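A short worksheet on the structure shown next.
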Amino acid sequence: MSSISFIGTGAMTRILGTRALAGGNTVEVIGRDAAKAAALASELGAGATTGTNGSVPAGDIVILAVPYASAVPVVSQYGDALAGKVIVDISNPFNASGTGLATADGTSVAEEVAKAAPASAHVVKAFNTIFGGVLAQGRPDVFIAGDDAQAKAGMSAFIESIGLRPLDVGDLTMARWLEGAGLLMIGLARHGVGNYDFSLGINTLG
Ligand SMILES: NC(=O)c1ccc[n+]([C@@H]2O[C@H](COP(=O)([O-])OP(=O)(O)OC[C@H]3O[C@@H](n4cnc5c(N)ncnc54)[C@H](OP(=O)(O)O)[C@@H]3O)[C@@H](O)[C@H]2O)c1
């Protein structure tokens, strides 16, 4: 069982929070709007609690379920409240037209989050290559990137608890390519596949 705190009260917290609870984990919802957080926690049901914006989250794993542009500001705002936590960046830094990345070359949102986080925290990139609708219903592979083996092991245990397969893509610099893969998904949805009801996964021979 993992203890998960979500910062953000939108679609991804609702979807991942639902799966997390179904997998036997505890869920804390933290929002900048306390009423929204309380409403979502009550909608998620038994096992979901609310936390205080800016205070130490209850969860060992803290999922930043906010837009990419808010990820670094939120981590800076929390500061030492995130000491020792596994911080999970799920963001997709798309530009306005969804045809390119909004990050500078040679970095990623996840790496910028790591720079802003307390030294004792560990950042993992995960879930960004999965459309919310697929995460709600399907069994997509979950690609993860991070520098700390123990943090990735903890994330993998959480991902397995919700019935999904974690696949480690390497250290945190690989988040650049996971963010690029998020863009690839948009291109496929708009062109070759033509809808958002698919996932990117790994098939092995034999
Ligand atoms: N939806 C998907 O299919 C999907 C798939 C993969 C990855 N992602 C990524 O997941 C993240 C969340 O997406 P979403 O679809 O859940 O977005 P969403 O429904 O728009 O929710 C975003 C949440 O972030 C909160 N927020 C924004 N800035 C904040 C700040 N500075 N401090 C605290 N809270 C803040 C918003 O709070 P208020 O309600 O108070 O405005 C809202 O609750 C994004 O980075 C997105 O790229 C989404």
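Determine the order of K36, K115, K125 by accessible area, beginning with the largest, at a probe radius of 1.4 Å.
Values: K36 120, K115 145, K125 0 Å².
Ranked list, largest accessible area first: K115, K36, K125.
Enter the Cα centre distance for the pair segment 127-206 and segment 92-123, rounded to the nearest angstrom.
That distance is 16 Å.
Carbon-plus-sulfur fraction of the accessible area of segment 150-206, 1.4 Å probe, in percent?
Details: 1820 of 3200 Å².
That share works out to 57 percent.
Would you work out the charge dipole size for the chain about its Cα centre, treating the Cβ of every Lys and Arg as +1 and the Cβ of every Asp and Glu as -1, and quote it to the nearest 20 debye? Show your work: numbers first, answer last.
Numbers: 12 positive and 17 negative charges, 81 e Å.
It comes to approximately 400 debye.
Starting from the Cα gyration tensor of the chain, multiply each eigenvalue by 5, take the square root, and state the resulting semi-axes largest first in whole Å.
Details: eigenvalues 117, 77, 60 Å².
Working through the eigenvalues yields semi-axes of 24, 20, 17 Å.
With every protein chain left in place, what is the accessible area per residue of segment 63-108 in square angstrom, probe 1.4 Å?
On the way: 1880 Å² over 46 residues.
Counting only protein heavy atoms, the per-residue value for segment 63-108 is 41 Å².
Which one, L164, V72, N95, projects farthest toward the positive side of the charge dipole computed for segment 69-180 from Cβ point charges (K/R +1, D/E -1)?
L164
Take every DSSP beta bridge whose two residues both sit in the chain, then give the antiparallel share in percent to the nearest 5.
Values: 4 of 28 bridges.
Restricted to the chain, the bridges split so that about 15 percent are antiparallel.
Largest first, what is the accessible-area ranking of F143, F94 with a 1.4 Å probe? Write out the running numbers ahead of the final one.
Numbers: F143 20, F94 50 Å².
Putting F143, F94 in descending order of accessible area: F94, F143.
The values are calculated or read from the model by the stated rules, or taken from the named source; none is laboratory data. Computed from a prediction, not measured in an experiment: that's the story for all the values here. Every residue, glycine among them, receives a Cβ derived from its backbone with ideal geometry; neighbour counts consider all protein chains shown. Each accessible area value is taken on the protein alone, full model and side chains, heavy atoms only, with ligands, DNA and RNA left out. Shrake-Rupley method; radii C 1.70, N 1.55, O 1.52, S 1.80 Å.
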